[in-house]
Amino acid sequence: MKRVVITGMGIYSVIGKNLGEVKNSLYEGKSGIIFDPVRKEMGFRSALTGMVERPVLKGILDRRMRIGLPVQGEYAYLATVEALKNAGIDAAFMEKNAVGILYGNDSSALPVVESVDILRKKKDTMMIGSGYIFQSMNSTVSMNLSVIFKFRGINFTISGACASGSHAIGIGTLLIRQGLQEVIVCGGAQEINPESTASFDALNAFSIRESEPQKASRPFDRDRDGLVPSGGAATVILESYESAVRRGATILGEVAGYGFSSNGEHISLPNVDGPVAAMQLSLKEAGMDASGIDYINAHATSTPTGDENEAIAIDQIFGKSRPLVSSTKSMTGHEMWMGGASEIVYSTLMMNHHFVAPNINLENPDEITARLNIATRTTPCEIRAFLSNSFGFGGTNSSLVVRKING
């Protein structure tokens, strides 16, 4: 079995449009949540959202490349440019080596809505632009980036709800361990627009703390009232240890364990047993016990039931060792298909800069969440290994263990 390491990362997030900005925001506990009046005008119950500027790629990519990219693909393009540069991988390397791509994405709503609007208005399919088909497919990010960057290895999309980005990294790890690939671009992307979250808002799952947007996402807090939708893109370059050493690449961490499970119960309500199973498997695959984990980036989205059940699950496994815990969603909101990948980036930045970012807005823990060792302020910490949880609709669970490289 080959070892799998992280040699590059890139991020386009509501808390920063590159690794440097994101690292500073994490350290400062800076929120990227806003009130969006457009959503309120459209009839949303909650007008809260994470927000980031849409990239301007004209002059960077030619029109033929841009036409098939949806907004989340634009985010992913910039995140991948940064990740490849961070990894020291250039066009010459990709020409000589079969670099793969596995990206997490589970919807592309806006192109579907826009193309149907055109059809209904014009009554003529020929009036729908040629790019909409490529923008609207679930595989839009992986298909577009594979062409733009000329990737010639594995190429498909992982759709696992809000665990998509995490599963992409997990599956990439398995492929490299088996020797089937040497380098895979993994990540997750999520569009930010009202069309993509309208049906989610209809579930009454979003926070309505609209008077205090930056205090609305409050994982583990007794007064939490729902999640805040968000988005962006995050890219992680996975590589075999041998390839990284051969290239002289800087190794940012080792993906030591990937655990997964399915709850097999309710389609939207999480349970305890599924997350416990995923975390236990990730530790087993890493050859570690609970005491080896210094930090947990919790899935905790700020929903009453979800946070409580995850707290119970974490306490079952880590109750004795009590690692530091925080949910970066307190700052970013719930980045959905992106979140499992972005939280690996956030946690790896913390590991390499020796701190744990705060779980902001945690003012009153409830009886269950008080069992955890939650970081409520930026905490200096030597993280030797961390665990990152990602859970999603349908009861899909993913846990990843990443540790500092040890030779």
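Values quoted throughout were computed directly from the atomic coordinates according to the rules given, and no laboratory measurement underlies them. These numbers come from a predicted model, not from an experiment. Cβ sites come from the backbone with ideal geometry, for glycine too, and all protein chains shown count toward neighbours.
Points worth noting:
- Among beta bridges that DSSP assigns inside the chain, antiparallel share in %, nearest 5: 65
- Shape parameters for the range 264-405, alpha-carbon atoms, Rg then Dmax in Å: 13.7, 40
- For the range 26-91, applying the loop criterion from DSSP together with a ceiling of 11 other beta carbons within 10 Å to the trypsin sites (Lys or Arg not before Pro) yields no site.
- Computed over the chain, relative contact order equals 24 percent, with contacts defined as Cα pairs under 8 Å that lie 6+ residues apart.
- When the chain is treated as a GNM with alpha-carbon contacts under 10 Å, the residue of Asn364, Asn389, Asn18 showing the greatest mean-square fluctuation is Asn364.
- Fully extending the segment from Thr305 to Ala92 would add 71.7 nm, taking 0.36 nm per residue of separation and subtracting the current Cα-Cα distance.
- The chain - mean residue ellipticity at 222 nm from DSSP helices (-39,500 (n - 2.57) per run, n ≥ 4, rounded to 500): -10500 deg cm²/dmol
- Subset of Lys17/Lys215; Lys40/Lys123; Lys17/Lys150; Lys96/Lys329; Lys17/Lys96; Lys215/Lys284 violating a 32 Å alpha-carbon distance limit: Lys96/Lys329; Lys215/Lys284
- The chain: most fluctuating residue of Ser217, Ser243, Ser282 per GNM, C-alpha cutoff 10 Å: Ser243
- Gyration tensor verdict on the chain (Cα atoms; rounded if a/c is under 1.5, prolate if a/b is larger than b/c, oblate otherwise): oblate
- Gyration tensor (alpha-carbon) shape descriptor, the range 325-403, a/c threshold 1.5: oblate
- Three-way shape call for the range 306-360 based on the alpha-carbon gyration tensor, with the a/c threshold at 1.5: oblate
- Between Tyr27 and Arg152, full extension at 0.36 nm per residue minus the direct alpha carbon distance yields a gain of 41.2 nm.
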